[in-house]
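Take a look at the structure below.
The values are calculated or read from the model by the stated rules, or taken from the named source; none is laboratory data. Just so it is clear, the structure is predicted and the values come from calculations on it, not from any experiment. No Cβ is skipped: glycine too gets one built from the backbone with ideal geometry, and neighbour counts run over all protein chains shown. For the accessible areas, the whole protein counts, side chains as well, though only heavy atoms, and no ligand, DNA or RNA atoms are used. Shrake-Rupley method; radii C 1.70, N 1.55, O 1.52, S 1.80 Å.
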Amino acid sequence: MEQRKSEPADLPMVVAICAFHVENVRKHLHHNLAQLSGDEYFVQLDRPVTPAAEEVAAEVGAAGGTMHVLGATGGLSASRNLMLARWPHHHVMFVDDDVRLDAKAVTAVRESLRAGAHVVGARLARPPLPLPWYVTSGQFHLLGWHRDDRDIKIWGACMAVDTAFAHANGLSFDMALSRTGGNLQSGEDTTFIKMMKDAGAREQLLPDYSVTHDVDPARLTLRYLLRRAYWQGRCEAGRDQARAGLRKEWDRHRSAPESRLRLPLACLYGAVTGWGVLHGLLLRGWARYRRSAVPAG
């Protein structure tokens, strides 16, 4: 008699950390493992093999998880696509390496997937850090935090996926939107979620459950945030939504009711985002021109 193929709900959920900063893996390892209940914990380090990476991999294994060091940096989209290939018929909860999990949120995600959702996201809360004057709630999205006063969207720092659905529809993360090395490219997560929904995926948002996006305090610098705003503009140009994306960013930056500086800051961040959009469009136009200038044959 032919054996029945296991359904994703019959298998343990995989908590998949696509890591770049090995120190974050160590920092959150034991806390995160304590939040799981029968789930697999798999860390994929998108870096070359080093003694420090091998040491942390041994710590992950001793704690009950698994860590694989890729040996080279391929970028976030490539790393996530490798996870899709590794777990082709599973429920996979993608988590950034600087996220501190919460047991109630992990349980809610797992139950939502088993109830039939194909993409699930929880609220990304900010850690209790003091914020400088140039960071208002209008800039929270640049740091991967959801605003308390707004609905949430599924972002890659906490994004659960039914990989069987993704494979059945031939979906993967866009390499052109991948964050790699020093660039701050973004958008591969929301683009993937849109493709899933366009293919008929059922989305489940969990605004009442949160995990903490414990970003490095070094990101709370004006230089980093302006770089991030510029790359957000590049992302909007890369997704062919320059005008709509720029309007969306302007609306985000100017809607910070707690700050009297919201309009000057919106102008600053909006101008930098606009430069990113323009630069992205110019680069794309130049690339098209060069392709058209190449003689056929």
ask   = Within region 9-27, restricting attention to residues that are farther than 21 Å from ALA57 by Cβ and open to solvent by 10 Å² or more (accessible area, probe 1.4 Å), which residue is modelled with the highest pLDDT?
value = LEU11
inquiry  = If I ask for residues that are open to solvent by 70 Å² or more (accessible area, probe 1.4 Å), touching a residue at least 40 places away in the same chain (Cβ under 8 Å) and part of a helix (DSSP H, G or I), which ones from region 242-266 would you list?
reply    = ARG254, ARG262
request  = Go through region 1-90 and tell me which helices (runs of 4 or more DSSP H), entirely inside it, have 1 or more residues that are within 21 Å of PHE173 (Cβ to Cβ) and out of contact with any Asp or Glu (no Cβ under 9 Å at 6 or more places or on another chain).
outcome  = 76-86
ask   = Which one is modelled with the lowest pLDDT among residues in region 267-283 that are of a type outside the set (Val, Ile, Thr) and open to solvent by less than 10 Å² (accessible area, probe 1.4 Å)?
value = GLY280
ask   = Restricting attention to region 72-80, does a residue exist that is of a type in the set (Val, Ile, Thr) and open to solvent by less than 10 Å² (accessible area, probe 1.4 Å)?
value = no
ask   = How many residues are at pLDDT 90 or above and within 19 Å of the chain's Cα centre (by Cα) when one looks only at region 235-246?
value = 0
message = Just to be sure before I move on: is TRP231 modelled with pLDDT under 90 and either over 22 Å from ASP148 (Cα atoms) or surrounded by 10 or more Cβ atoms within 10 Å (Cβ to Cβ) (or both) in the structure I sent?
response = no
Helices (runs of 4 or more DSSP H) contained in region 100-211 and holding at least 1 residues open to solvent by 20 Å² or more (accessible area, probe 1.4 Å), closer than 20 Å to PRO8 by Cα and without any contact (Cβ under 8 Å) to a residue 12 or more places away in the chain = 103-114, 163-168
ask   = Residues of region 84-98 being under 15 Å from CYS18 (Cβ atoms) and surrounded by fewer than 22 Cβ atoms within 10 Å (Cβ to Cβ), which ones?
value = LEU84, ALA85, ARG86, TRP87
request  = Scan region 215-226 and give yes if some residue there is of a type in the set (D, E, K, R), assigned to a loop (DSSP other than H, G, I, E, B) and open to solvent by 50 Å² or more (accessible area, probe 1.4 Å), otherwise no.
outcome  = yes
